[in-house]
Structures are given as C-alpha cells and as structure tokens.
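Here, each number is a calculation from the coordinates, and none is a lab measurement. Keep in mind the model is a prediction, meaning the values are calculated, not measured. Backbone-built Cβ (ideal geometry, glycine too); neighbour counts: all protein chains shown.
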6 protein chains.
Amino acid sequence: MLRTDGRNDDVLRDIRITRGYQQWPAGSVLIEFGNTRVLCAASVTEGVPRWRSGSGLGWVTAEYAMLPSATHSRSDRESVKGRIGGRTHEISRLIGRSLRACIDLAALGENTIVIDCDVIQADGGTRTAAITGAYVALADAVTWLGAAGRLADPQPLSCAVSAVSVGVVDGRVRLDLPYEEDSRAEVDMNVVATDAGTLIEVQGTGEGATFARSTLDKMLDLALAGCAELNRAQSEALALPYPGVLPEPKGRKK
Amino acid sequence: MLRTDGRNDDVLRDIRITRGYQQWPAGSVLIEFGNTRVLCAASVTEGVPRWRSGSGLGWVTAEYAMLPSATHSRSDRESVKGRIGGRTHEISRLIGRSLRACIDLAALGENTIVIDCDVIQADGGTRTAAITGAYVALADAVTWLGAAGRLADPQPLSCAVSAVSVGVVDGRVRLDLPYEEDSRAEVDMNVVATDAGTLIEVQGTGEGATFARSTLDKMLDLALAGCAELNRAQSEALALPYPGVLPEPKGRKK
Amino acid sequence: MLRTDGRNDDVLRDIRITRGYQQWPAGSVLIEFGNTRVLCAASVTEGVPRWRSGSGLGWVTAEYAMLPSATHSRSDRESVKGRIGGRTHEISRLIGRSLRACIDLAALGENTIVIDCDVIQADGGTRTAAITGAYVALADAVTWLGAAGRLADPQPLSCAVSAVSVGVVDGRVRLDLPYEEDSRAEVDMNVVATDAGTLIEVQGTGEGATFARSTLDKMLDLALAGCAELNRAQSEALALPYPGVLPEPKGRKK
Amino acid sequence: MLRTDGRNDDVLRDIRITRGYQQWPAGSVLIEFGNTRVLCAASVTEGVPRWRSGSGLGWVTAEYAMLPSATHSRSDRESVKGRIGGRTHEISRLIGRSLRACIDLAALGENTIVIDCDVIQADGGTRTAAITGAYVALADAVTWLGAAGRLADPQPLSCAVSAVSVGVVDGRVRLDLPYEEDSRAEVDMNVVATDAGTLIEVQGTGEGATFARSTLDKMLDLALAGCAELNRAQSEALALPYPGVLPEPKGRKK
Amino acid sequence: MLRTDGRNDDVLRDIRITRGYQQWPAGSVLIEFGNTRVLCAASVTEGVPRWRSGSGLGWVTAEYAMLPSATHSRSDRESVKGRIGGRTHEISRLIGRSLRACIDLAALGENTIVIDCDVIQADGGTRTAAITGAYVALADAVTWLGAAGRLADPQPLSCAVSAVSVGVVDGRVRLDLPYEEDSRAEVDMNVVATDAGTLIEVQGTGEGATFARSTLDKMLDLALAGCAELNRAQSEALALPYPGVLPEPKGRKK
Amino acid sequence: MLRTDGRNDDVLRDIRITRGYQQWPAGSVLIEFGNTRVLCAASVTEGVPRWRSGSGLGWVTAEYAMLPSATHSRSDRESVKGRIGGRTHEISRLIGRSLRACIDLAALGENTIVIDCDVIQADGGTRTAAITGAYVALADAVTWLGAAGRLADPQPLSCAVSAVSVGVVDGRVRLDLPYEEDSRAEVDMNVVATDAGTLIEVQGTGEGATFARSTLDKMLDLALAGCAELNRAQSEALALPYPGVLPEPKGRKK
C-alpha cells in the first residue's frame, strides 16, 4: 500500500540541501524535506555568554521559529504575542542539544555559534529537517572559524548529526511523515543520530494512544536507516567548496 | 558496586504516596521518590476551554512548577521573571500528554481537570514523580466527578500511568536517578508506561555524548520494570477509600 | 455566641510550627494557623543586590505566592499570566518590611536572605501566618550564618516578629479570621508586632464600610494579645536544636 | 521647634483644589498639598466589567501613576519597563477601595467610573493627595451622571472621603509630611477617613523601627483633625457650580 | 562619479519579483532589490477583527519582521526579547497604511488580508521592497478571493502601489540606497506612490543634519521616477497567470 | 470659508509656552497649541548609555506618552497593558531624532538628557506641540549644564527646532489641525524645521487617499511659515531668565 505521495513506508521525501543561501552568516543552508523548507543560519560571535566566560569553552545554541505564512492557516507571530510558546522552546532546546553532542566545545575556543532555524514552509518534520540542515550550517561556520585562525583546535566536530521522524499511520510504521500523515499518526517519534549509527536523542510519543515495545523497535530500524541516508546527503553537500569568501587568518568576527 | 545511596542499579528509591494532602482540590496527592517530593493536585471545573466548547469532549491539562526553595541553591521565581522557561513548558506538556493517553475524553464529558504539579523538594526525577503522582490525583478527581453524577460514562480511565527515569552513570545503566547521579549522567532517559506494559512516551538524550542502540534496550528493560513497580504502589494507594467527602449527585462544581 | 469553628472571639486557631521542612534552605518552616498552611523558606546567598553593594549592610527580602491548588476554587498561576498581581506584590512587600524591622542589617554583613512564603493551603490569614513563620525561618538562617562564621556581629536579631488578623464579623470583633469569616468581615485588620509589644505595621480596612476609632482600639487589644501568644509558640519552636547539619566555620554559601 | 517649611507639627501644607482642569473627563481635579500636585480625572463609561455584568451594580476603580519627571531624580516609565511596580499597584488599590467605601454601587447603576491619579509633581503624600482629590473628581462625575439621567438613584455618595499622612520625625509626631521629612521618618502612617469622623483605612509602618501603641494614638489624633480640615476644603471647592457643560438627560456616554 | 556598485545616481538596483514562493498563502511573493530579499505573504481569513465586525468593510493589515540572520551581524529575535521594537512597529504600520490606500475595503467584503513581510536578507531599502512586494501579494490574494466568489465587488484595487528610498550621500542625491550608502546618508527619504503618479506617503529625515527644500524637490523627482519603474516590474510580474490553484466559487477560507 | 474655530487656513492656534512648570527637572515646559497641552520635561543625568560610553559624546532621547484622561474617551494606560503601542514608539523616536538634529553631542559632553513629553490634554497636533516645547526644555537643560560647568563646549545648540501639522481638510490645505479636523483629514503631514528654514523631518500621509505633488508643495509652504512663527514664540519665551535656581559650577547631577 503506497502512501498519498506515492512513497514506500521506508522511503524519505526528496532531500535538497543548498549551502550559501544568505550572504552574511558564516553558514547558511536551505534544507528541504519534500515541501518542508527550513533556513538554517549559523552566526559566529567572538566570546561566550557571561556564565561561561573564562572557561576556555565555546558555546553552540539554536533558535527555532516558524514564519506566520509557513503553515496551512496563518499562525500568529510570537513576537506580537510577546511570548514564545512551549513547542518553540522545546524544539529550540532539542536542536541545540543535538548539535552540542557532535562538537568539542574546548576545541571551538571562546566563540559562540548561534544557529537560527526559521521554517519557510511547513509540511511535517520541521524539527528534524532543522537539525539536519543545522549540522551543515554548523560545519560551514566551523570552516569559517578555522580559516580565520580562531579555533583552539583544528577539528572540533566529532561526528555528523541528522534527524528524521517516524510514526505509526494507518497501523503501519512509516518514515519521514508529511503533515497529512503526521496530523493523524497514532505514534510519533523523532530520532537524532550520528553518522556512526549511535543515538543522540529519541523522543517517541503515543498520540492519544499507547504503543508496544516491538513497535518502538521497528520505528528505530526505519529511523536509523533514514538518518544514514541523510548523512550521505550532508556529505555530498559538504563535498563542495565553501560557498563564499573565507576570511584571512586573524579575520575579525562576522 | 553499590550506588551512593546504597541501592542496586535496578532498584527504585523509597516511594510514598499520600492522598488527600490538601482539602480543596478533588484530588490532592503528595508523592515522594526518596527526597524528591511533588504535590499533585487535580482541580475540576465545569465546561471546557473555548476552542473545545460544544464538542462533548472533556479536557485534561497539567502545569508543572518548582518552588524557589525546592532546589539546592534557590532558583528564581518564574512569576517574578514574567515568563515561563523552556524546561517548565516542556515538562508541563509532557505530563498533560501522558495523562490524556489514559483517559477517554468523551467519557469525561464537558469537564476540565487541571493537574498542578508543584515540586516541594527536588532531588532528581521530578517530572517522573509528577506523572506518577498526577495519575493518582486524576483517579481521585474522576471518582469525585462520578459521585457528583457528572461523568458522561462511568469509567473514563482506560489504564494506569507511571513514569521513571533511567540513565547511564559511571558506565552503568541505573534506575531512578537522584540529583547526584542525574547531574553527571552520560545518558538520561524518561519513560512513561501503562500498567499494561505499553509505552506512552520515551525520551532519551545523550548529555554531551551519544549512545548505542543496545544501551537504549537495557535502559528500557530497567524502566519498564520500574514502572511496573510504581503501578503497584499506585494500586495500593488507590485501594484505600477516597480521602475526603464525596459530593452528592448533581453536586456543584468544585 | 461561639464562632462556626467553636472558638471564642479572642482565641487563635491551632498553631503548629514545623522547622526543617525542606532539606536545602538554611531555614525551612511549615506554619499552620488551623487549615491555613504556609511554607516559609529562608535561603542564604553571599553578597547583596548591586544597588547595595559595598555598603557593608546585608539584605532581607521576601516573596509571597499561592499554589494554584491552595484556594477553594483553583486560582490561575501568576507565572502563566506573565505578571504578578497587586495583592501578591503588596503582601511580599509587607513581609519583607516586617522582617527588616527586627534585624540589624549591619550585623548581618553582606549576605542576602530571601524568604519564600508559599501558601500550600489557604483558609484566611495567609499573610499573617507567613510573617509569623518567616520569622522562625529567618532565625534558623541566622543561626546557620553564625555557625558558618559569616555574620559581622553575633546577634543581628533585635526582637521576634509575629502577625495576626482581626476583624469585625457579625458586628463582633474577632481574632484570627478563617476564610469563612474573612470573606464577610465588615472591617479587616492585620497587625504585625514584636515580642516587646511594640507595633511594626497596622493595616485596617473597612470593606465597603467605615469603622469607629473605638472599634480600632478593640481590634488592637485582641491583636496584640494574639501576637503575644504567637511569640510564645515561636519561642517554643526555636527552643529545639537547629533541625539539620550546621556548616563548619568558613562554610561556603548555601 | 518648627519644621523646615515653618509649619507647626499639627498643620497641613497649603491645600489647593482646582476643578475642571481638563476638558474631556466628567470630573477633572488638580489637587495640591504644598508642592505635591496630583491630577485626578474621573472618566465615565456605560456598562461594567464583564465579571460584574448584569448585577445591576456599578463599578469604581482607580489607577495611580507618577510622571517620570515628577520626582527629584527622574524615575523610569512603567510602560517602558513593561510592568507596573508593587508600589503603584498598592496605591491604585488603596485609592479604589477608599472611594468605594463612600459610594452606593447599586445607586450608581451599571456605569463604570475610572479615576486616574497622575502625579505631576511629587513632594511626599502623593497617595493621600490623590485620594482627597479623587473624591472631588468622583463627586463631579456623579453630578454629570445625574444630569444625564443615568443614575439608578439620585444620591449615590454616602459621605466624603479624605486622606492625610502622619509620621514620627525627629522623635515628634507630625502631620502631612513633605518628602524631606517622609524620607527620614521613623514611623509613617496614612489615614483615610470620612467627613463623619469614621475610618476607612489605617496603614501605619515602622520604617526600620517599631512604635508604641501610644504613638499610634497620637498619630490618629493628628490625622483625624487633618482629614476634617481637608473635608472642609473639599466642601468649599464643591460649593462652586460644575465647571463645564452638563449633559442633557439621556446624554450619551462621555 | 559612479556608486560603489557601479550604478548611476538615478538607477534602481536589479529588481526581481517571484510569485508563488510558498504554497499555503493566497499570495506569496519573494521580492529582491539587489541583495535585499523580502518574502511577502498575503493570508486570507474570513471575517474581520471584532472592532470592525458588522460594518460590511474588509480589513488589510501588515506585519514586518527581520530574520535574525538577515543582517550583517546577527540581530536578536523580537519573540525572545518579548517585545517588538519601535522600528518594527513603525514599518508594519507604514506598510499597512500604504496598502489600504489602494484598496476599496467595502468592495473587499468582510474578509481580512494579513500581509507578512519577512526580510530574508537585508541590504538597505527593506521597507520599500516590502511595500512593493506586498502589493503584488495583495493582488494575488484579491484574485484568489475573486475566484472563490467572496468579494463584495469584483475589482477592489484602485491603483498599484510601489515604494523606493532616496537619499543624499556624499553630497549627491541618489536612488535606492544599499546598506553601505544608507548607513552614511545625510538625508534619507522613503516615498510611496501610485501608478497614477500620486503620493501615498513621504517620509524624509535629516540624519543628524538638516536639508533644504530644494533638496527635497530633487529627491522627489528621483523617487517618483523610481516608483514608476517599479510599477512596470509589478505589471510584468502580474501579467503571468496566478501561480497556483485557484479555489472554486464558494471555496472555503484559506 | 472660516474653520470651525474661526481661524483662516494659514493661521496657527493660540500658542502658549510656560517655562519652569515643574520644580525638579532642569527644564520643564508646558506648551499649549489651543486646547492641546503637553508637558515637556528635560532631565539631566551624568554619563551616557553603556553602548555610548567612553565616546566623549553625550546623548539626547525622548519619551512621549498620553495621560489616559487626555483624550475624548479615556484611553487605556500602556503601563497596565504591559506594552508600548506602535504610535507611541513612533512619536518618541521622531521627537528624539528631531532634537538630536539641533545639538552637537560632542559639545554636550558625556551627559544624557531625557525629554519626557506627557500629553495632559489632546486636541490634535500633540507630536508637533511636543517637539516645539521639547526644544525649549532642552535649551533650559543646556543652560543648566552650562551653569554647572559640565558642558564640553559652551554652545552645543546649533539651531532652534519647531514643528507643526498641516493637512487637507474639506479639500483645503490647512495649518495646525485640531482633532475635529485631523480626524477627517484626507492628507496629514507633520513638518519639523529649523529657525534657518531648513527641514529636519517631513512626514506626509494620505489617509485612505492619495495626493498630488502640487498639494505637497502647498502644504510645505504653510508648514514652513507656521514653523517660523513657532520659532518666534520660542525665542520670546527663552528671552526671559532661567525659571529657577541655576547650579554652581561643579554642581552635582540633577
């Protein structure tokens, strides 16, 4: 039984990764999982937040947001509401945690990298697309810092990070759910994994239902295979040269 | 190798469940996981939020908070800061989701139950203690609504819900981490399960590290055994009569 | 004519003071005025707020709050509303002012003591119970600082502080009003006094009514007698040893 | 021993009451206690807040604020800080409570009167000046409503309300403290009274000190005499005709 | 003397208008003025804000925002700061006002169109690009409403609207300033005009300098010529068919 | 055809400027344009905001606000709403920008002048009255700083600044619109000019209409003549001596 968009249960949507999407940030990546489009921008600043100052360690954090026009019916702007919603908080924290698992903050030196993940168009899986794209933006920002001679150690990245959603829809375990499936899934899981096949984060939720441990196992099988494929797409994208002008050593902060 | 508090790796801390802790709410439970103490209060109101009105369905939601004096060093009050932090949001949403998995909202009728989980003393595992205690408070609130003749259907609860933390500390998989272990765990996982042994939520995170799938499996073994034991403690507590005065049928809202 | 709860007009409710209620703060006291229960926790930090820094003076402040489940019908959480209400502000300020009247801030040295008064259960008189319990928690925090060798002067407390409500109900002047009386009182007064019989604060309000000066005098008589009795309960509670482990001299901040 | 401004201890500062200060509100009064100047404006709207709707009762409330330029050194604007401070809340509530003590809300009918008390210049006693001026503005607004034929009953005001501060300065009990005395007073009290000599509100505070009951008595003597004199000033001001154009019966809301 | 980017003083940057950039909104336009890129999305909802309800008139409003990664150095997110800055407010209001000048709100019927203008990349002139792009998105939304049979009158748009910046840089009057020129301009002006050559809004500001009326005249000459050229670009873009699937008559709200 | 208030189209309302309106700020001016009354207070503080610190430059900024009772029907207080509206932001920024155009910030030295413009009564043209009055308050503050010996250079003011509104009402170009005209104007323009006849700011807006360039020219003619007359009123007011006690050289901050 094929899915609405014609895919088999274990197949990802079309993945597209465009580096150098914006001109100012050290890393700027547009990632597309089918119709889901997320702009991931890694901005570098010298120094670290005050609570970390003097530790010799760098800092990586992330902020996730949705354009009001990204969703099927327009969503209100969080800046206008004057507060950030729980879902936004939750996803921002997840992205930050996932990226910090792959970087040696001592090697980064006292630099801060902020990864902004702004959803241009939402069709399910925005948080997993954001993590997968954010890794590529982070890699570009690290390259930029290396060229500028500002890393404490030449290779701070210890692995690559990707993420994918998986769920139970119509009683079947399926990979990379679009909105149409996500909104009626009985179980919904997001898996963040490394290119070594190890796990960084597993978040599985029964949506008004519960699920057997054997279902969890099947979901993990699909998710890990999906992450491996996403890692390949990341590698291909990063095999191309840095999409911009690298700074000279001792270059000033961008 | 015993743990600092003398337990084996697969043993829960002392669990105490006190029903009827406060006099006003329909359900009020003090739950203790060792030194962690959480007050779970289920308040009933007639009607549902506007966006749900007229659907015939009830609503269950939760709010988690920490007393400033609950933590080792005093934490700032979120009401004074004027905004709720990401962690608080995240846990409130987790508790609400977990409880909605065990209740038939049509059977509940157009009533709202708000479960307030206020941490009196924090020593690790506050969110899992909150879920486990909140289920007991919810069961009391349902009994109260039944006595008042306000349920659409006599038995809205489909299963019992409990939760426990598990993690990797000093390279060993351990159950129900106190703060001293939690703060240095390499992997940290929270599992919410039913008394039928099915899963409601699984959230595992590498804390600056990654973990193998086999580690995930071992953590799940311990967590599910821990949840089963917590279910027994819930059953025992609920075997006692309702700790207060039940309303007469057609009793007014509490 | 006896009151609903059987007391004479000039009699306090049952008073219970439990020291050492929580493990982390230097002072932690559960105080009960009948069914009103307030948790008063005194947390110590080294240093003072910036505007006071370098003055050699310490600082004592208080924050009052109500658990949502403490009241007859659930009250909204101020952290969720994003702002603190006028009543909360007013009571927090009253508690802080009352405690600062009994302590020599120069003797305290450059330490800050924050007293959190969280109402667990509300049945009238929460602010007066909070002040009475907060004094005991403050005394424990001062003992803790003394043991740690961090006081500028060994005895910073100049007197004990207690508080009680008094009002006119059914045309009779009555002491220590429970919610049932408070909600229909014609006049409502809170009195904060020292164990020397002097006054710290007097706040009397006609609730949609006015009152004669002779009524004010009768209310003061009852209130001062009530405060004297509360002072005795405080003394008894503080006659027991410090309910925890005192720090060694030069102990670090708690 | 005379005071800095040459007054005896029991003498008020010069009191000036100017009705009709602004053209739009139904009542608009500039009141001056010496250099303290407060603009009290009573605005009338048809209907009452939702929680009171359908009760047949009217509503009177007050908002107090300080111009940034009113104080010796400029104070930050609360609208810019995004939150109202505790002191502002406290005073707004006090003014509203004091005015509601003198008006029959059933006689007012389902109308709302909001009294804005904006301090143009602060030199001590702003809250007592505000109450005293607000009563005059309220009386004008009631006249306005009466002319418009919108009162449920012709005479909703049951008494006049005035307020004054009193305190202990340099060991002497003094009336109506300017900033220079207020800032170093050992005891500070605000008294709100009616023209019948009864009390509405008494708030006495030891400022880092305590005070004897006999001191309280002396302060009340002075305060009640001061309030009586303020009542005379209010009567004189109100003896003049309404300072504007009264509406025709069935006039629309202002 | 040529400008840094090689243009003559009276020449616009390259203008690109891409319709149908997102799939959900009724109108979605990416507009580029050189390196400045703004996404303008027009979302349609049935009904109007409460204050306008029942008037028979529709409503058009706009919200402008900047992605954090759009600027040379990353700017803080307004949702995180919890408040919208003055500049954002000002520009949102300008865009809304400009669009309302070209639409007959009675002809629109009781529909609301919200235009979100999110700056993807900022290089000067973001507000004028936003207005110019927003008009095209608005035109698409009107087409969509017409197809759905929801307009009160078939042609609500009375003219086309475009906007451009002009300023004095290095003593010369120049059109369409990029960031490099804008940041050092002595005078800065934004002009919003119709395709009939009439004006909607003129905002000219001396930046720490003042300017002669003759300079204002020269700036207006350049700006009106620029707007005419932008109108041509809009017409060309709108000559293509609607970039998506139009609804059937009586189509439900998008 | 005369206007409602009997003026010809090119005539200002009665202008009154009262210096020394408040006692604390270094400059305090009540300005009246007919029934529009704005209190402009210039407060001086030593030092500059952190982002400007060490530059040797001073800083001038402005905050505009409206008393709730200033408008025809009472407007809500922005401090109570917890956020400043777009209009308030816009006008505050306009006033600050206008004043900074006439002052040499290096000559001012590292001092900050905050100009608070609080509208006591609104009848159209509040922002232009505010700018015109703020200049006079600024001049007094500069005199105060000069007397205190705190200016880096004796004459920091390079010109005088005034502002006036102009618009198209009933098809006629008119100067200085009161509320009755402003609320139905087809075009509305505010012009800020110097006493040298040069422009600082021009903001013209079609209110649901568009306007020809020739109309803009006529409006500018009237506005510049109006500003010249306002400059004469400012000069007359400033010809009187400083309305207070000037500090001695090396006087401390006010």
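Taking the square root of 5 times each eigenvalue of the Cα gyration tensor, what semi-axes in Å does the equivalent ellipsoid of region A:68-199 have, largest first? Before the final figure, lay out the partial values.
Working: eigenvalues 185, 79, 24 Å².
Over the Cα atoms of region A:68-199, the semi-axes work out to 30, 20, 11 Å.
Provide B:63, A:46 in ascending order of the number of other Cβ atoms located within 10 Å of each residue's Cβ, fewest first.
Details: B:63 23, A:46 13.
Listed from fewest to most nearby Cβ atoms, that is A:46, B:63.
Please compute P(r) over all alpha-carbon pairs of region E:44-126, binned at 10 Å starting from zero, and give each bin as a whole-number percent.
For region E:44-126, the pair-distance distribution reads 17, 40, 27, 15, 2.
Using only atoms on other chains, find how many Cβ atoms lie within 10 Å of each Cβ of peptide F:85-92 and report the average.
On the way: counts 3, 9, 3, 4, 8, 7, 2, 2.
The per-residue average across the peptide is 5.
With θ taken as phi - 60° and the coefficients 6.51, -1.76 and 1.60, list the Karplus ³J(HN,Hα) couplings across region A:14-23 in order, rounded to whole Hz; mark glycine and proline as x.
4, 10, 10, 10, 10, 7, x, 6, 10, 8
Roughly what angle does helix C:126-147 make with the longest principal axis of chain C, taking Cα atoms, 0 to 90 degrees, to the nearest 10?
Once rounded, one gets 20 degrees.
Which whole number gives the average, over all residues in B:212-225, of C-beta atoms from other chains lying within 10 Å of the residue C-beta? Can you show the working numbers first?
Details: counts 4, 9, 0, 2, 6, 4, 0, 1, 3, 1, 0, 0, 1, 0.
Per-residue shielding by partner chains comes out at 2.
Taking all pairs of distinct Cα atoms, average 1/r, flip it, and tell me the Kirkwood hydrodynamic radius of region F:136-254 in Å to one decimal place.
Values: mean 1/r = 0.0609 Å⁻¹.
16.4 Å is the Kirkwood radius here.
Which cross-chain or sequence-distant (5 or more) residues have an amide H under 5 Å from the amide H of residue B:158, H modelled 1.01 Å from N in plane?
Result for residue B:158 returns B:103, B:104.
Under a point-charge model restricted to the Cβ atoms of Lys and Arg (+1) and Asp and Glu (-1), what is the dipole moment magnitude of region F:159-254 relative to its Cα centre, in debye to the nearest 20? Show your work: numbers first, answer last.
On the way: 10 positive and 15 negative charges, 127 e Å.
Magnitude of the dipole: close to 620 debye.
Specify the angular offset, from 0 to 90 degrees and rounded to the nearest 10, of the alpha carbon long axis of helix C:86-100 from the longest principal axis of the alpha carbons in chain C.
60 degrees
Answer rounded, prolate or oblate for the protein assembly as shown, using the Cα gyration tensor with square roots of eigenvalues a ≥ b ≥ c: rounded when a/c is under 1.5, else prolate when a/b is larger than b/c, else oblate. Spell out each step's value before the answer.
Numbers: a/c = 1.57, a/b = 1.00, b/c = 1.57.
Oblate shape, in that a/c is at least 1.5 and b/c is the bigger or equal ratio.
How do D:45, C:143 line up, fewest other C-beta atoms within 10 Å first? Mind showing how you got there, number by number?
Details: D:45 15, C:143 19.
Ordered from fewest to most neighbouring Cβ atoms within 10 Å, D:45, C:143 come out as D:45, C:143.
Using only the Cα atoms of region F:123-178, construct the convex hull and provide its projected area averaged over every direction, in square nanometres to one decimal.
On the way: hull surface 18.6 nm².
Dividing the Cα hull surface by four gives the mean projection, 4.6 nm².
Evaluate the charge dipole of the protein assembly as shown about its Cα centre and quote only its size in Debye, nearest 20, assuming +1 on the Cβ of each Lys and Arg and -1 on the Cβ of each Asp and Glu. Could you put the intermediate results ahead of the total?
Numbers: 168 positive and 192 negative charges, 1 e Å.
For the protein assembly as shown, the charge dipole is close to 0 debye.
Tell me which aspartates and glutamates have Cα within less than 13 Å of residue A:81's Cα, excluding those fewer than 8 residues away on the same chain?
Qualifying aspartates and glutamates at Cα under 13 Å: E:63, E:78.
Rounded to the nearest 5, what is the percent of antiparallel bridges among the DSSP beta bridges in the protein assembly as shown? It would help to have the intermediate numbers written out before the result.
Numbers: 273 of 321 bridges.
Taking every DSSP beta bridge within the protein assembly as shown, about 85 percent pair in antiparallel fashion.
So what are the ³J(HN,Hα) numbers for region F:201-206, from phi and the Karplus equation (6.51, -1.76, 1.60; θ = phi - 60°), rounded to whole Hz, Gly and Pro as x?
Ordered by residue, 3J(HN,Hα) equals 8, 10, 10, x, 9, x Hz.
How would you classify region B:11-91 from its alpha-carbon gyration tensor, with a ≥ b ≥ c the square roots of the eigenvalues: rounded for a/c under 1.5, else prolate if a/b is greater than b/c, otherwise oblate? If you can, show how the numbers build up before the last one.
Working: a/c = 2.26, a/b = 1.33, b/c = 1.70.
Oblate is the answer for region B:11-91, as a/c is 1.5 or above yet b/c matches or exceeds a/b.
Hey, could you grab the Kirkwood Rh for region A:4-152? Inverse mean 1/r over distinct alpha carbon pairs, Å, one decimal. Numbers along the way, then the final one.
Working: mean 1/r = 0.0620 Å⁻¹.
When all Cα pairs of region A:4-152 are included, the Kirkwood radius is 16.1 Å.
Using +1 at the Cβ of each Lys and Arg and -1 at the Cβ of each Asp and Glu in region D:1-143, identify which of D:70, D:109, D:12 lies farthest towards the dipole's positive end.
D:70
State to the nearest 20 debye the size of the charge dipole of chain C about its Cα centre, where the only charges are +1 on K and R beta carbons and -1 on D and E beta carbons. Don't skip to the answer; put the middle values down first.
On the way: 28 positive and 32 negative charges, 172 e Å.
So the magnitude is around 820 debye.
Take chain F, connect every pair of alpha-carbon atoms lying under 10 Å apart with a spring to form a Gaussian network, then pick out the residue of F:142, F:80, F:202 with the largest mean-square fluctuation.
F:80
Run the numbers on region D:1-80 and let me know its relative contact order in percent, using alpha-carbon pairs under 8 Å that are six or more apart.
Values: 77 pairs, mean separation 11.8, N = 80.
After rounding, I find 15 percent.
So what's the angle, to the nearest 10 degrees on a 0 to 90 scale, between helix E:213-239 and the longest Cα principal axis of chain E?
40 degrees
Which residue, F:124, F:86, F:206, has the most motion in a Gaussian network model of chain F that connects Cα atoms within less than 10 Å?
F:86
Per the Cauchy relation, a quarter of the hull surface: what is the mean projected area of the convex hull of the alpha carbons in chain D, in nm²? Before the final figure, lay out the partial values.
Working: hull surface 57.0 nm².
It is 14.2 nm².
Along the charge dipole of region A:122-254, pointing to its positive end and built from +1/-1 on Cβ of Lys, Arg, Asp and Glu, which listed residue (A:122, A:219, A:143) has its Cα farthest out?
Projecting each Cα onto the dipole axis, the largest value belongs to A:143.
If you plug each phi of region F:42-59 into the Karplus form 6.51 cos²θ - 1.76 cosθ + 1.60 with θ = phi - 60°, what whole-Hz ³J(HN,Hα) values come out, in order, with x for Gly and Pro?
Working through the residues one at a time gives 9, 9, 9, 10, 6, x, 10, x, 3, 5, 10, 4, x, 7, x, 9, x, 8 Hz.
Could I get the Rg over Rh figure for region F:99-147? Both from C-alpha atoms, Rh via Kirkwood, rounded to two places. Mind showing how you got there, number by number?
Details: Rg = 12.4 Å, Rh = 12.1 Å.
Value, to two decimals: 1.03.
Mean-square fluctuation check for chain F, GNM, Cα pairs under 10 Å: which of F:199, F:175, F:12 is largest?
Highest fluctuation among the options: F:199.
Shortest first and in nm to one decimal, what separations exist between residue C:61 and its copies in the other chains, measuring from label points 7 Å along the Cα-to-beta-carbon line?
With the label placed 7 Å along Cα→Cβ, residue C:61 yields 2.3, 2.3, 2.8, 3.1, 3.7 nm.
Antiparallel versus total DSSP beta bridges in region F:1-140: what percent is that, nearest 5? The partial results should precede the final answer.
Values: 22 of 30 bridges.
That works out to approximately 75 percent antiparallel.
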